[in-house]
Amino acid sequence: MTAVDPAPAPARPLNWWETATRWTQVTFTEDDPGRMDIGFWTDVMRRSRSNASCISAGGYMAFYPTQIPFHYRSTALGDSDPFGEMVEASRSLDMAVMARVDPHAIHADALAAHPEWAALDQDGNPVEHWAFPGIYVTCPFGTYNREFTTEVAREIVREYDVDAIFANRWQGHGISYSEAAKRSFFDATGLHLPRGPRDPDDPAWQAYPGWRRQQLSELVGLWDNAVKDLKPHVRFFPNLGSVAVQDLERALVEEHYPMLFIDRQGRHGNEAPWSAGRNGKRSRSVFRDRPVGLITSVGPEEPVHRWKDSVGSPAETQAWIVDGFAQGLLPWFTKFKGEVLDTRWVQPIVDAFGLHERVEDLLARTTIRADVAVLDPTRRMAAKAGAPLEVMYTDNDLHGHGVYQALLEAGLPFEFVNDQRITRAELDLFRVLVIANAELLSDADCTVIREWVRDGGSLVAAFETSLADAEGAPRSEFGLADVLGVRLRSRARGPVKNNYVALTGQHELHEPYAGAQRIIGGTRVVEVEAADGTQVPFRFVPDYPDLPMEEVYAREAPRDPAVVTREHAGGGRSVYLAFDIASLFWESLQPDHGQLLAGAVRWALRGDGRAQVSGPGMVDVAVHENDRESGVFLVNLTNPFTMRGAYREVIGTGPYAVSVTVPEGKQVDEVRLLISGADAPSTITDGRVEVVLDRIGQLEVVHVTWRDAGEDSE
């Protein structure tokens, strides 16, 4: 080996990852050796206060003088060692170091020597790379990953002062029909690998996701043990995409992965800017005790167009990072290509990372808490649609998008409950559970929710929630009928036009609609009857034509329940909305729908909860707290490009009224604004701290410290 020979490194703690909170990633290209400026990267890491780095090392291409046969070296490498130099630069700044490997493809010489390394198509031919002809996709289930990639990882750990290995694109691309995969699948299931279009009724297709999960789980366990065997503090982290850690066995994740990473590098198209923070909520709903990093690209992210070696809008990049860490994700930026041809990304990274550094101590001391939780049902939605079970999350959950947007516009902080973890312990973290449309709920899920509501929890549910079991079999009645106070008359019908819901009786949910006798209804509606002991504040106006114009009027009085509310003996409340309100709000963004969703949550909550923010535009709110302090984070997402990327600038807005509940037995000690560094004048009204912010830029944090009632301030 001719690698850089660093001075012996002191033994590092096994929990080194606890202080790895701001990450710099550099992904090399083949021509980078000899072109990139190590001094530039050292300066970026210093200015951004990065305390951890992820540097390209090997796999598909080696950027160090590897000695492993068929470990392809960059043709520009020569006698250089850019990976080793970046490791030294990182260590000079006392940073943790992660080595990136990418095992998803091999070159032709490796294929000729080891044909068993390649993924095969259904005809037994090596799968050529879809984007770069002449190289070949690897099989994740054979000796390439189990032996070759393992030895690459061990070589890096032996020769360099690193803390971790990070594997990108390691899970395979489509089904590999290699001999190793066919043999393993048959031995485990007695079946042949599935062929043809995905068929959810085919036993082979049914068995494939579970077999794949088991194979991948064994593989990452093997890798982690292989590097820890050399140096106990070193860990192996596979890139798991957007919370796709659910694709691995939970016990294995708990044993091997003290921290996780989300590879959602930016938004694209009409994706909402709050998607960064949503990633944090989803992660916590799966593993509440694991720190999670959000990988952010300095360039634009588009599903079709590829401009990886580019620079995106600075304000867009900064907003993605800030919304991520406000919702509990550690900032990580990635730059493709070590040679830098455009430096416009540097200052936005420095600024965003600087904001994180200013609030890092508070983040470390506190936990994100909320009174409201939204059920995240996307895995079961994907399974019901016949998609592979390993596809955990899609961007097609319009119901979820709608309720997220409505609660964000209302200034209500909220968290997620994962639909695979509907347990009493999870629900007891919250006061209100919102189910925008989870048709698939098991009997056990319904029982947990029912008992939680009986003991004082509140439920807001809409549309087809609980009308099928966990496997998608239709029920003849709502699984939660007794909780919601409704009986099914007929399943969802539609699409319908000119559907309206009329205000009936007297109810708090009517408050936003002064002057209106009715508001817009849905496009798909469920016919229900309201049980005794409920209220019906909105009823459907029976359908009528939308043309000719002279015929567009109601023929009948309001009749069928559209919204049913109920007060429960244990102190909880429930609201059922019998139409596609959440998805329709996302599609059309009509304010009446958003106000009804938010109003239902407030009514179920019996107020505004632990924190509430009101003001112009759009802010994403998160509450970080412990027994002695509360930090209300306000991320300003107000922009002409809020609902269509990319931001061009940060536009300051205000004023904002922030209201925080005084905890029982506490009184206010001090109220400060952490970003502007100023004291915040406040008042106490009805047991709540009230603060008005005249204007905020990208971020502000209202920090309230508490002392015990009767305790003197220092």
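The values are calculated or read from the model by the stated rules, or taken from the named source; none is laboratory data. Given the structure is predicted, the values throughout are model-derived calculations rather than measurements. Methodologically, a virtual Cβ is constructed for each residue, glycine included, from the backbone with ideal geometry; neighbour enumeration extends over all protein chains shown.
A compact table of results
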| read-out | value |
| --- | --- |
| Failed item, numbered, when ASP608 is tested on (1) over 22 Å from the mean Cα position of the chain (by Cα); (2) assigned to a loop (DSSP other than H, G, I, E, B); (3) under 23 Å from LEU355 (Cβ atoms) | (3) |
| Leading residue by the ranking (surrounded by the fewest Cβ atoms within 10 Å (Cβ to Cβ)) among those in segment 189-198 that are without any contact (Cβ under 8 Å) to a residue 24 or more places away in the chain and not small (Gly, Ala, Ser) | PRO197 |
| Any hit, segment 343-350, residues being in a strand (DSSP E or B) and either touching a residue at least 12 places away in the same chain (Cβ under 8 Å) or outside the structural domain of PHE416 (by TED's automatic domain parsing) (or both) | no |
| Neighbours by Cβ (under 8 Å, 6+ apart or cross-chain): first from segment 283-296, under 18 Å from THR317 (Cα atoms) and outside the structural domain of PRO238 (by TED's automatic domain parsing); second among the basic types (Lys, Arg) and surrounded by 22 or more Cβ atoms within 10 Å (Cβ to Cβ) | LEU294/ARG264; ILE295/ARG264 |
| Residue satisfying condition, being touching a Gly at 6+ places or on another chain (Cβ under 8 Å) and surrounded by fewer than 19 Cβ atoms within 10 Å (Cβ to Cβ), within set PRO640, PRO616 | PRO616 |
| Tally of residues being over 18 Å from the mean Cα position of the chain (by Cα) and among the basic types (Lys, Arg) across segment 400-429 | 1 |
| 1 or more residues modelled with pLDDT under 95: qualifying strands (runs of 3 or more DSSP E) within segment 367-485 | 372-376, 414-418 |
| Residue check, VAL575 touching a Ser or Thr at 6+ places or on another chain (Cβ under 9 Å) and modelled with pLDDT of 95 or more | yes |
| Checking GLU147 against (1) in a strand (DSSP E or B); (2) free of Cβ contacts under 8 Å to residues at least 12 places away in the same chain, the condition it does not meet | (1) |
| Residue within segment 538-559 that is within 30 Å of the chain's Cα centre (by Cα) and on the phi < 0 side of the Ramachandran plot present | no |
| Check on GLU116, touching a helix residue (DSSP H, G or I) at 6+ places or on another chain (Cβ under 7 Å), of a type in the set (Asp, Glu) and closer than 22 Å to TRP170 by Cβ | yes |
| Within segment 446-500, considering residues that are surrounded by fewer than 22 Cβ atoms within 10 Å (Cβ to Cβ) and on the phi > 0 side of the Ramachandran plot, the one farthest from the chain's Cα centre (by Cα) | ASN498 |
| Lone unmet requirement of (1) more than 30 Å from ASP229 (Cα to Cα); (2) touching a residue at least 60 places away in the same chain (Cβ under 8 Å); (3) touching a Gly at 6+ places or on another chain (Cβ under 9 Å); (4) not in a helix (DSSP H, G or I) for ALA272 | (3) |
| Set ARG610, ARG648: member being among the basic types (Lys, Arg), outside the structural domain of TYR404 (by TED's automatic domain parsing) and loosely packed, with under 14 Cβ neighbours inside 10 Å | ARG648 |
| Segment 615-638, residues that are more than 25 Å from the chain's Cα centre (by Cα) and polar (S, T, N, Q) | none |
| Test for VAL322: is it part of a loop (DSSP other than H, G, I, E, B), aliphatic (A, V, I, L, M) and touching a residue at least 12 places away in the same chain (Cβ under 8 Å) | no |
| Residue selected from segment 445-489 under the condition of a type in the set (S, T, N, Q) and in contact (Cβ under 8 Å) with a residue 12 or more places away in the chain, by the criterion nearest to GLY400 (Cα to Cα) | THR465 |
| Matching residues, segment 302-327, being among the aliphatic types (A, V, I, L, M) and surrounded by 24 or more Cβ atoms within 10 Å (Cβ to Cβ) | ALA319, ILE321, VAL322, ALA326 |
| Whichever residue in segment 279-329 is touching a strand residue (DSSP E or B) at 6+ places or on another chain (Cβ under 8 Å) and of a type in the set (D, E, K, R) and, among such residues, is nearest to THR343 (Cα to Cα) | ASP309 |
| Only one of GLU664, GLU649 that is outside any strand (DSSP E or B), within 26 Å of ILE321 (Cβ to Cβ) and not small (Gly, Ala, Ser) | GLU649 |
| Subset of segment 567-586 [touching a strand residue (DSSP E or B) at 6+ places or on another chain (Cβ under 8 Å) and under 15 Å from ILE435 (Cβ atoms)] | GLY572, ARG573, SER574, VAL575, TYR576, LEU577, ALA578, PHE579, ASP580, ILE581, ALA582 |
| Filter result for the condition that a residue is out of contact with any Cys (no Cβ under 7 Å at 6 or more places or on another chain) and in contact (Cβ under 8 Å) with a residue 40 or more places away in the chain, over GLN506, GLN595 | GLN595 |
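Here is a yes/no grid of residues against (1) touching a helix residue (DSSP H, G or I) at 6+ places or on another chain (Cβ under 9 Å); (2) buried (at least 24 other Cβ atoms within 10 Å of the Cβ); (3) on the phi > 0 side of the Ramachandran plot:
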{"position": "ALA569", "(1), (2), (3)": "yes, no, no"}
{"position": "PHE579", "(1), (2), (3)": "no, yes, no"}
{"position": "LEU596", "(1), (2), (3)": "yes, yes, no"}
{"position": "LEU605", "(1), (2), (3)": "no, no, no"}
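Residues checked against (1) touching a strand residue (DSSP E or B) at 6+ places or on another chain (Cβ under 9 Å); (2) farther than 30 Å from TYR647 by Cα; (3) without any contact (Cβ under 8 Å) to a residue 40 or more places away in the chain:
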| position | (1), (2), (3) |
| --- | --- |
| TRP211 | no, yes, yes |
| GLU218 | no, yes, yes |
| ASN225 | yes, yes, yes |
| PHE236 | yes, yes, no |
| LEU252 | no, yes, yes |
